[in-house]
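The values are calculated or read from the model by the stated rules, or taken from the named source; none is laboratory data. On a predicted model such as this, the values are computed, not experimentally measured, just so you know. Neighbour counts run over all protein chains shown; Cβ positions are idealised from the backbone, glycine included. Side chains are part of the model used for accessible areas, which takes the heavy atoms of the whole protein and leaves out ligands, DNA and RNA. Shrake-Rupley method; radii C 1.70, N 1.55, O 1.52, S 1.80 Å.
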Amino acid sequence: MSQFDLFDDIHNRILGAGSYAEFKKRLAGSACQKCALKSSRTHIVVDRGNPGARIVVVGEGPGENEDLQGLAFVGRAGQLMDRLVREETGLDANSDFLIINVVKCRPPGNRAPKKEEAQACLPFLNRQLDLVRPAVVLLLGATALKYFDASKTNFSMQQEAGKFFNLENRPGIQFMVLFHPAYLLYNRSKEPLFRRHLRDLKERLLKIPQLSTP
Ligand code: URA
């Protein structure tokens, strides 16, 4: 068996997990070598929150705190998101969301993931959605949006943030685009607009039957 077969085997074993808990255990404990981010990571960051939640939040990739703790969105951006979500929707990020990222390993210096890194990691993201079967997916920022909606090659977040859309290959999921909370940290003037988008989300959630029944 060549080294490549061995890596494909590891990958297939992770993707073949039949439950979210098993998937998470296999991915977090793997020595995934699928892309160059393997060299700069401390932890493979699978998620934060509740795999039983009906709302999945997708960010870009782990930052320094996430890499050290092995949990998604636990740094300043995540704390800001949690607070604004709580204030505007009453939802609790840890129990009402499952929070994941396009890439599971930290890009050096917190740069955006390269296309080949995102493509290598997307099977994990897709498997997460297959296992969790959310009713709503919130895409935080341009990286999450462009890897979900391949038709988006040239767009501005100023135009996309706040929009709802559906995808043919993911029927039954309501997608919404939001500003990435790290962007808000440096552009505080956008916070009122982000809050308005969260209120629009709250209104939309009330109309989704799977979310109004316990
Ligand atoms: N930014 C992200 O996109 N994801 C994280 O988990 C943390 C910061």
Applying the selection to the range 1-18, what residues are open to solvent by less than 50 Å² (accessible area, probe 1.4 Å) and either modelled with pLDDT of 95 or more or farther than 27 Å from Arg111 by Cα (or both)? Ile14, Leu15, Ala17
Subset of the range 74-105, residues within 8 Å of the ligand (Cβ to nearest atom) and in contact (Cβ under 8 Å) with a residue 60 or more places away in the chain, comes to Ala77, Gly78
Name the pairs whose Cβ atoms lie under 7 Å apart, with the first residue in the range 161-186 and on the phi > 0 side of the Ramachandran plot, the second at pLDDT 95 or above and open to solvent by 10 Å² or more (accessible area, probe 1.4 Å), and 6 or more positions between them or separate chains? Gly162/His197; Gly162/Asp200
Members of the range 34-68 found to be of a type in the set (Gly, Ala, Ser), closer than 18 Å to Arg127 by Cβ and in contact with a helix residue (DSSP H, G or I) (Cβ under 6 Å, 6 or more places away or on another chain), listed by number: Gly49, Ala53
What tally of residues in the range 13-70 results from selecting those that are within 16 Å of the ligand (Cβ to nearest atom), in contact with a Ser or Thr (Cβ under 8 Å, 6 or more places away or on another chain) and among the β-branched types (Val, Ile, Thr)? 1
Would you say Pro62 is open to solvent by less than 10 Å² (accessible area, probe 1.4 Å) and assigned to a loop (DSSP other than H, G, I, E, B)? yes
Pairs, please: C-beta under 8 Å, at least 6 apart or cross-chain, first residue more than 18 Å from Ala72 (Cβ to Cβ) and in the range 32-55, second β-branched (Val, Ile, Thr) and not in a loop (DSSP other than H, G, I, E, B)? Gln33/Ile10
